[in-house]
Amino acid sequence: MDFTIRPAEPGEYAAIDELTAGVYVGEGLVDAGNPYVERLRTAAGRAAETAVLAAVDADGTLLGSVTYADAGTAWAEVARGDEAEFRLLVVSAAARRRGVGEALVRACLARAREAGHRALVLSTSMRMTAAHRVYERMGFVREPSRDWSPRPDVALLAYAFTFEG
């Protein structure tokens, strides 16, 4: 890998905010005027409550980010009991196809396993088919019973990776 995955640093929060909002709006997942865009720009608040990870290259350029949350915490949406989840996984357009997204997911898997969780779960838009293929290749399995809609016009699919023994 020609990049590093590590906890985000306070000086990176603004860049993470812009990357996250930019990816969600740019990929057509959220309209620019949607109030949720401001929730996407909350890396500092997320980092105060849970783990925000950054992918950076050797010169410190931000390539991607993800938020990791244990069940029962403010940033967990579908994790329950002895599970963790990841959210807001984003990779800059310039860094795509370098394994950045997969490395961020693997970092979340490692955290969940180290914490003794039974599973790592996530929600994803129905339109993110390329991401679905990555999750499935990594061993995540669809959990249709956990599919949900935060709003009538948004349908989210759930996936889970269950750790052995």
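Just so you know, all these numbers are worked out from the coordinates, no wet-lab data involved. Note that this is a predicted model, so its numbers are computed, not measured. So basically every Cβ, Gly included, is an ideal-geometry build from the backbone, and we count neighbours across all protein chains shown.
Per residue of the chain, the DSSP helices (runs of n ≥ 4 H) give a summed -39500 (n - 2.57) that works out to -9000 deg cm²/dmol at 222 nm. Taking one quarter of the surface of the C-alpha convex hull of the chain gives a mean projected area of 9.4 nm².
Taking GluC sites (Glu not before Pro) across the stretch 66-96, none is in a DSSP loop with at most 11 further Cβ atoms lying within 10 angstrom of its Cβ. Positive end of the dipole of the chain (Cβ unit charges, origin at the Cα centre): among Ser123, Thr67, Thr4, the Cα lying farthest that way belongs to Ser123. By other beta-carbon atoms within 10 Å, ranking Ser92, Ser149, Ser65 with the fewest at the front produces Ser149, Ser92, Ser65.
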